[in-house]
Amino acid sequence: MNRDHLHQEAGASAPALTAEAVTVRYGDVTALGEVSARFEPGRIHAVLGQNGAGKTTFARVAAGLVQPAEGSIAVFGQALAGGNVAEARGAGVELVHQSFALPPSFTVAEVLQFVGPRPGLFTRQGIERYWQAWLDGLGLGLDAGARIRDLPIEMQQSAEIARAMVSDARLLILDEPTAVLSPEGTERLFTRVRELRGKGVTVMLVLHKIREVLAIADTVTVLRGGRLVAGPLEARDLTAESLAELIIGETAARLDAADRAALVGAGAQQHDEHSRPDTPPALVLRAVSTSPHSGGKGLNDVNLSIRGGEIVGIAGVEGNGQRELVAAIAGLDPLTSGEISLADKRMDKAPLAARRDAGLRVIPFERNVEGLSLSSPLWENWSAAQLVGGALLAPVSPRALRQSAEKAFRAWDVRFSDAGQPAGSLSGGNAQKVILSREMDSGAKLILAAQPTRGLDIGATMAVWKALREARNDGAGILLVSSDLDELFDICDRIVVMVSGQAVAEFTAPWDIQAVGRAMTAAGRQSAQEARS
Amino acid sequence: MTGRLFPVIQTGAFIVLALVLCSLIFAAVGLSATGTLAAIIDGAFFRPNALNHILRWGLPLLITAVGVVISFRAGYFNIGAQGQFYLGAICAAFAAEWLRGSPAFVAVPACLLAGMAGGALWALWPALLRVKAGADEVITTMMGNFIAAQLLVHVTSGPLKDPSGSGQQASSRPVDAAWRISESSGSSPVIIILAGLVVMLGWWLVNRTSFGILSGLAGRNPVMVTWQGAKVQRIAVSAFVLSGALAGLAGSVELLGPNGRLASGFLPDHGFTAILIALVAGMSIVAAGFIALFFGALTSSGLWLPIMTGLPSAAIDIIHASIALFITAKAGALRALLTWFRR
């Protein structure tokens, strides 16, 4: 404790983090280009930018996970060689990742004991008492005796933050902490972050929504395409509009108001009416239940109906049955009870190939695992959809398939040099367009779009939204699963909120953000209480 | 064009490198490096009747290797080629025993089909265990090899035992001389045609059918193919059964051809060499054909080596394995050099 105190004294005048011309390259790609910035201690700094702007890379450099090719990093005046987590940790930096990595079977106390400084023999009650007192001091609202796997996402994040604070971190970096949280959870996180600041901790938040940045940050740093656009700027001098200009840059002019609002998270309220009440339902789920997945929850009595020409959004904190819903509609998860009809045909037990014949198309959650075979040629990836319905010994003409694939790719503006190149050589946006070109043909009657814009840059995101709107206007029904509420508000005709495998609420425009947020968390807190008791 | 030529040059370079390295190893145990290398090449390609010997050893390997390529491409590491090869030979031998006295035009196709069926069955149960119960096919097919080897001991010293046999090695009664599809030490037009058919059908299956494209995708990413709605289990079982059937065909070819009888523990490396060929060929049926002939040449040279240089014929196994090792490990430095050279 004494030593730490000295540390703080020494570092009091030095900036919490100094970056000098930091450059990071991944192969040919420059993820960060000559970024220089100084972050003052004891404040909340937001690093803001679109997907692919280099925010996460910047956070990883500061935490010693990535060694910059050029430039230098210093923490509280102490220069880091970079690429060494132990060294960064020694200097007082901790990073909480976007995806959590705590051992699910451990209790919170065990995790803290494991990473913490107290050696020796201990009893379960002993460490729970010790760490509960410590946790209460942090104000994280965590129960030291709870197992990680029983904690709701929000509390798992708190456990990650607690884990980071064990080593007396003086610079805490949170990478996209709000991506997994409901609006209310985000509020509570921000309260905790402010408490940490009150204790003298410097916090850096990697964020991509303007609304959140303006709510929490003392300073804002904007990255775009791996370059520093501006910052750290004093947040009180900024407005949502001026930040939007900084984030989007010159392309801002080309966006229409709705897309722009959704991109910057300003909460679009404009909405065009597209629903066609007279069209028959493209999808009907009646009292559908499935058995629980490993680690997840099965669907529980879900009723859902989607008409042609309608986009229905599925909102919810991740891990509340969205994946199970998509898998059940795709026929990859067997139903334990209930009925599924596609285009007025009962499909309770039909395999995916038969459902595809009936007009089902799937843009799966994991682009690089479920959507594409990265080491296979592009044309083979594209052709799979054409082949699955037929006989295994059906003769095929690779040349013809290749030509149709190339034609589809060009229609979708996929940037590729050769249809024979492996799918893994495309950027995320282009890879997604390959999937769209395969899944959004004219025969599509119901499109399952699962997180279709995750990890895409602005241009690609816009292309996906445009494609979804066009498919809707052409009469397809669309189920859009997204953890980005702004995206859902912008593009959906209806929004269904899922909690614990149940469809708990349904909303139509004009959207009531607060009500959607409450619906997302209402039952979640219930299950958290059950887990604790 | 360079795109197609490059892997060929690369494979050739690795083969040369492996040969050179192996002869250095032989030099380290006190033999002449150049002398051994020369003897290997001489034994493989320049002895009288070399082509016949290459085909004798290469074509059965080719038939099995094409099957192994098909299962590897689909993402299933079927290393049970040896057991499937034995089961093919055993079933063909039973068929030959039952059909004793019937004309060759009935018996030969029947024995070949019986061999294919035997090999297919010996691949079917690991396939079903894999898709229904998730049992790792590496383990099950490897255990299948041991069971098949013991089964071979059993039938050659039991049901099919040659009563007149007195050697140390148990064996079955020789097949009817009229049914033999080749001499003991050579190949024949029948085997060449069979192998040719296998390559053509294999190539067509892999490059010109729905199965070929879907199994290639499934081999690299089964999850993606599942999300496309393909019946991955059916693809898996088909690939297993095809590869088993071809190994079984090779077994019956060996029985009706060069071997002429079923002997306990015969050709114990056949299936494993075929796996090495498939690895070296890198998923290509045509390449597997060429590599099989090359490995066949080395194998025939292996019989020659002990006489010429005092090296045991197992030295050829070392060469086979080194080639496969180099190709699969893609020895970094040489690869970088070749990539640079390609510019």
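Coordinate-derived values only; no laboratory data. Values in this document were obtained by computation on a predicted structure and should not be read as measured data. Don't worry about glycine lacking a Cβ; one is built from the backbone with ideal geometry, like all the others, and counts go over all protein chains shown.
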Q. Out of segment A:395-493, which trypsin sites (Lys or Arg not before Pro) are coil in DSSP terms and have no more than 12 other C-beta atoms within 10 Å?
A. A:ARG415
Q: With a Förster radius of 22 Å, plug the Cβ-Cβ distance of B:ILE147 and B:GLN169 into 1/(1 + (r/R0)^6) and report the FRET value to the nearest 0.05.
A: 0.65
(Q) Of B:MET308, B:GLY216, B:GLY260, which is farthest towards the positive pole of segment B:54-311's charge dipole, taken about the Cα centre with +1 and -1 on the beta-carbons of Lys, Arg and Asp, Glu respectively? (A) B:GLY216
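Tell me, what is the FRET efficiency for A:VAL85 and A:GLU470 to the nearest 0.05, using R0 = 56 angstrom and their Cβ-Cβ distance as r?
After rounding, the FRET efficiency stands at 0.75.
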**Q.** Rough spin-label spacing in nm, given labels placed 7 Å along Cα→Cβ, for B:LEU24 and A:GLU318
**A.** 5.0
Q.
Among B:PRO189, B:ALA92, A:GLY137, whose Cα projects farthest towards the positive end of the dipole of the protein assembly as shown, with charges put on the beta-carbon of Lys, Arg (+1) and Asp, Glu (-1)?
A. B:PRO189
(Q) To make sure I understand, if each residue's beta carbon is the centre and we count other beta carbons within 10 Å, what order do B:ARG220, A:ARG361, B:ARG4 fall in, fewest to most? (A) B:ARG4, B:ARG220, A:ARG361
Q) What does the charge add up to near B:SER210, with Lys and Arg as +1, Asp and Glu as -1, over the other residues with Cβ less than 12 Å from its Cβ? A) +2
Q: State to the nearest 20 debye the size of the charge dipole of chain A about its Cα centre, where the only charges are +1 on K and R beta carbons and -1 on D and E beta carbons.
A: 800
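Based on alpha-carbon atoms only, what is the radius of gyration of segment A:106-167 relative to the globular estimate 2.2 N^0.38 Å?
Output field value: 0.99.
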Q.
Please compute the contact order of segment A:106-167 in relative form: average sequence separation of alpha-carbon pairs under 8 Å and at least six residues apart, divided by the residue count, as a percent.
A. 46
Q) For q = 0.10, 0.12, 0.13 Å⁻¹, what log10 I(q)/I(0) does chain B give under the Debye formula with an equal point scatterer on each alpha carbon and no solvent? A) -0.61, -0.87, -1.01
Q. On full extension of the chain, what length is gained from A:SER105 through A:ALA411, given 0.36 nm per residue of separation minus the C-alpha to C-alpha distance?
A. 105.2 nm
Q | Over chain A, relative contact order from alpha-carbon pairs under 8 Å, at least 6 apart, % | A | 15
Q: Could I have the simple spin-label model distance between A:ALA509 and A:ARG149, label points 7 Å from Cα toward Cβ, reported in nm to one decimal?
A: 4.3
Q.
With n ≥ 4 as the cut-off for DSSP H runs, can you work out [θ] at 222 nm for chain A, using -39500 (n - 2.57) per run divided by the number of residues, rounded to the nearest 500?
A. -11000 deg cm²/dmol
Q | Sites B:SER32 and B:ILE307, calculated FRET efficiency, Cβ-Cβ separation with R0 22 Å, nearest 0.05 | A | 0.90
Q: Please quote Rg/Rh for segment A:381-533 to two decimal places, taking the Kirkwood radius as Rh and restricting both calculations to Cα atoms.
A: 1.07
Q. Can you give me the Cα centroid spacing of segment B:53-86 and segment A:428-502 in angstrom?
A. 46
**Q.** Which of A:VAL312, B:VAL20 has the fewest Cβ neighbours within 10 Å, and the rest in rising order
**A.** B:VAL20, A:VAL312
Q. Full extension from A:GLU40 to A:GLU234: what is 0.36 nm times the residue separation minus their Cα-Cα distance, to one decimal in nm?
A. 68.7 nm
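Expressed in whole Å with the largest first, what are the equivalent ellipsoid semi-axes of the protein assembly as shown derived from the C-alpha gyration tensor as the square root of 5 times each eigenvalue?
Numbers: eigenvalues 717, 232, 143 Å².
Working from the Cα gyration tensor, I get semi-axes of 60, 34, 27 Å.
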Q: Find the Rg to Rh ratio for segment A:383-459, where Rh is the Kirkwood radius over alpha-carbon pairs and Rg uses the same atoms.
A: 0.98
Q: For the protein assembly as shown, give the share of DSSP beta bridges that are antiparallel, in percent and rounded to the nearest 5; count only bridges with both residues there.
A: 55
Q | Positive dipole terminus of the protein assembly as shown, leading residue within B:ALA297, A:ALA353, B:VAL198 (C-beta point charges) | A | B:ALA297
Q.
Sorted from largest to smallest, which semi-axis lengths in Å does the alpha carbon gyration tensor of segment B:184-238 give for its equivalent ellipsoid, taking the root of 5 times each eigenvalue?
A. 33, 10, 8
(Q) Under 8 Å for C-alpha pairs, at least 6 residues apart: give me the relative contact order for chain B, rounded to a whole percent. (A) 34
